[in-house]
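As structure tokens, the structure follows; a few thoughts come after it.
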Amino acid sequence: MYAQLVKTDADRVKSIDEMDPQERTFQQRIDDNQKIEPKDWMPEGYRKTLVRQIGQHAHSEIVGQLPEGNWITRAPTLERKAILLAKVQDEAGHGLYLYCAAETLGISRDKMMDQLHAGKSKYSSIFNYPTLTWADIGAVGWLVDGAAIMNQVQLQRCSYGPYSRAMVRICKEESFHQRQGYDIMMKLCQGTPEQKEMAQDALNRWWWPSLMMFGPPDADSVHSAQSMAWKIKQATNDDLRQRFVDQTVPQAEYLGLKVPDPDVKWNEEKGGYDYGEVDWDEFYEVLKGNGPCNAERMHDRVKAWEDGAWVREGLVAHADKMAARAAATPVAAE
Amino acid sequence: MSKEWPLWEVFIRGQHGLSHRHVGSLHAPDAAMAVHHARDVYTRRNEGVSIWVVEAKHITASAPGEKGPLFEPSNSKVYRHPTFYDIPEEVGHM
């Protein structure tokens with residue numbers, strides 16, 4: 001999940017009787033599966049939660065370009081390079097759709113950027129792990145995009161119209177990402193023993209961080225309960241994680257790879273796989289900024305923003321000059 | 001602190017001669033750059049053959065509160081739909 005720990009400002013979910021009339025009407029619209037649109041009245045908590053969630057989601061798309069960008073110049077063939085470029089370009093586009101969705105809630109994109117660069121706004125923990133070999137590009141597409149899709153499919157039904165519409169668009173484009181990742185893994189697994197070993201090594205390193213993408217267990221999380229009540233999200237972290245495991249384990253088996261968890265076992269009774277305990281200490285450490293690549297990612301992000309400043313400013317100067325000229329010679333064009 | 005690029009709404013005409021349709025928004029310093037960005041952001045997969053951009057501040061929208069007065073009057077005018085009229089089968093397709 002690209003937004004893993006979204007606070008809602010709620011200490012518990014209000015019952016319908018405790019709400020004031022405006023809030024009650026709002027909740028009834030949500031319960032009737034009506035979409036909430038930018039100009040509609042909404043509780044401040046709903047607005048803030050969405051700004052946080054969509055912001056984290058957008059930042060994740062943008063920061064997510066960095067681990068993959070690492071391999072563009074070293075992709076094994078020209079075709080793989082073109083594919084990876086297209087994928088990274090898609091991530092930029094997804095970030096832009098999401099920033100625009102967040103902006104409908106009254107925050108500006110530049111402000112969100114500032115929050116990211118100041119370390120005040122989070123992005124997914126997954127992008128703080130390094131892409132050490134080409135197989136990591138396969139594993140990222142297969143597992144990380146696979147987990148993202150699992151999350152984003154249910155977000156298409158989110159109660160907030162602009163977010164839901166951005167998700168529809170993103171989901172359409174995202175399935176190419178997962179398939180190209182699995183395609184890389186297949187190629188490696190059908191290759192030399194060393195190549196297959198490389199694929200196994202990538203799976204070993206990306207498996208647990210991918211499970212962490214769905215966020216901590218939410219049985220006791222009030223934020224998760226509030227987000228569900230508002231239909232900002234439609235499935236719990238644990239449900240999505242379970243679905244991801246059920247989908248991915250057979251895909252690993254097809255590749256002839258082994259998921260790095262001795263506890264993974266089919267459970268006939270629940271109709272899904274049992275799996276081991278995720279190391280949540282590691283998750284919280286990475287979120288706090290202590291993952292293997294947090295500092296590097298922020299450094300690269302800030303550098304890209306600062307290095308691009310002259311282009312942004314130059315374009316504004318040109319636009320201002322042209323506007324001034326047009327204003328000075330209103331009739332000349334006739 | 002540099003000036004923030006204004007927001008533009010983007011409309012794309014698809015392949016099959018349909019009207020331009022709103023697809024989303026983006027930031028750009030001027031109209032020409034907005035078209036350029038719209039090409040990159042919204043037509044990466046042959047989504048369209050024509051792009052319109054309009055600065056978001058120039059769009060006037062109806063208020064959610066006016067929904068009733070604006071749209072309810074047409075609810076009762078069922079005779080505006082072809083299905084309101086029963087045409088005998090013998091007459092054939094109409």
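Any read-out appearing in this document is the output of simple, stated calculations on the displayed coordinates, not a laboratory observation. Quantities reported herein were computed from a predicted structural model and do not represent experimental measurements. Note that each Cβ is placed from the backbone with ideal geometry, even for glycine, and that neighbours are counted across all protein chains shown.
Counting other C-beta atoms within 10 Å, and keeping those with at most 15, which DSSP coil GluC sites (Glu not before Pro) do you find in the stretch B:25-76?
Passing both the DSSP loop test and the Cβ count: B:47.
Would you mind pulling out the separation of the Cα centroids of the stretch B:2-50 and the stretch A:1-79, in Å?
Taking the Cα centre of each part, the stretch B:2-50 and the stretch A:1-79 sit 24 Å apart.
Output wanted: per-residue J couplings in Hz (rounded whole) for the stretch B:61-78, from phi through Karplus 6.51 cos²θ - 1.76 cosθ + 1.60, θ = phi - 60°, x for Gly and Pro.
Karplus-based 3J(HN,Hα) across the stretch B:61-78 equals 10, 6, 7, x, x, 8, 3, x, x, 6, 10, 5, x, 7, 4, 7, 8, 5 Hz.
Translational D (Stokes-Einstein, µm²/s) of the stretch A:205-276 at 20 °C and 1.002 mPa s when Rh comes from the Kirkwood sum over C-alpha pairs?
So the translational diffusion coefficient is about 159 µm²/s.
For the stretch A:4-56, what is the relative contact order in percent, using Cα pairs closer than 8 Å and at least 6 residues apart in sequence?
56 percent.
Kindly write out, for the stretch B:21-30 in residue order, the coupling ³J(HN,Hα) from the Karplus curve 6.51 cos²θ - 1.76 cosθ + 1.60 (θ = phi - 60°), rounded to whole Hz, with x marking Gly and Pro.
Taking θ as phi minus 60°, the curve returns 10, 5, 10, x, 9, 7, 9, 7, x, 8 Hz for the stretch B:21-30.
Which cross-chain or sequence-distant (5 or more) residues have an amide H under 5 Å from the amide H of residue A:13, H modelled 1.01 Å from N in plane?
none
Defining a contact as two alpha carbons under 8 Å apart and six or more residues distant in sequence, what relative contact order in percent does the stretch A:1-145 show?
About 31 percent, as a whole number.
Listing A:24, B:45 from the residue with the fewest other Cβ atoms within 10 Å to the one with the most, what is the order?
B:45, A:24
Post the alpha-carbon centroid distance, the stretch A:211-241 to the stretch A:282-309, in whole angstrom.
Taking the Cα centre of the stretch A:282-309 as reference, the centre of the stretch A:211-241 is 25 Å away.
Please tell me the relative contact order of the stretch A:187-334 in percent, rounded to the nearest whole number, where contacts are Cα pairs under 8 Å and at least six residues apart.
Across the stretch A:187-334, relative contact order equals 17 percent.
Could you list which residues have their amide H under 5 Å from that of residue A:232, counting only those 5 or more apart in sequence or on another chain, with H placed in the peptide plane?
Here the answer is A:159, since their amide H atoms fall under 5 Å of that of residue A:232.
What dipole magnitude, in Debye to the nearest 20, does the stretch A:191-313 give about its Cα centre under +1 on Lys/Arg Cβ and -1 on Asp/Glu Cβ?
500
In the calculated pair distance distribution of the stretch B:24-94, what percentage of Cα-Cα distances lie above 13 Å?
77
With charges only on Cβ, +1 for K and R and -1 for D and E, what is the dipole size of chain A about its Cα centre, in debye, rounded to 20?
980
Work out from phi, with θ = phi - 60° and the Karplus expression 6.51 cos²θ - 1.76 cosθ + 1.60, the ³J(HN,Hα) of each residue of the stretch B:42-52, listed in order in whole Hz, and give x for Gly and Pro.
Values per residue, Gly and Pro as x: 10, 10, 6, 10, 6, 6, x, 10, 7, 10, 10 Hz.
So what is the 222 nm mean residue ellipticity for chain A from helices alone, if each DSSP H run of at least 4 adds -39500 (n - 2.57) and you divide by all residues, rounding to the nearest 500 deg cm²/dmol?
Theoretical 222 nm ellipticity from helices: -20000 deg cm²/dmol.
For the stretch A:239-329, which trypsin sites (Lys or Arg not before Pro) pass both filters: DSSP loop (anything but H, G, I, E, B) and at most 15 other C-beta atoms within 10 Å?
Passing both the DSSP loop test and the Cβ count: A:258, A:270.
For a quick check: with amide H placed at 1.01 Å from N, whose amide H comes under 5 Å from residue A:272's, ignoring anything fewer than 5 positions away on the same chain?
Counting only residues 5 or more places away or on other chains, the set is A:267.
On a straight-distance basis, which aspartates and glutamates could pair with residue A:233 in a cross-link, Cα separation under 12 angstrom, same-chain partners fewer than 8 positions away excluded?
none
With runs of 4+ DSSP H residues as the only contributors, calculate the mean residue ellipticity of chain B at 222 nm using -39,500 (n - 2.57) per run, divided by the residue total and rounded to the nearest 500.
Per the formula, -5000 deg cm²/dmol.
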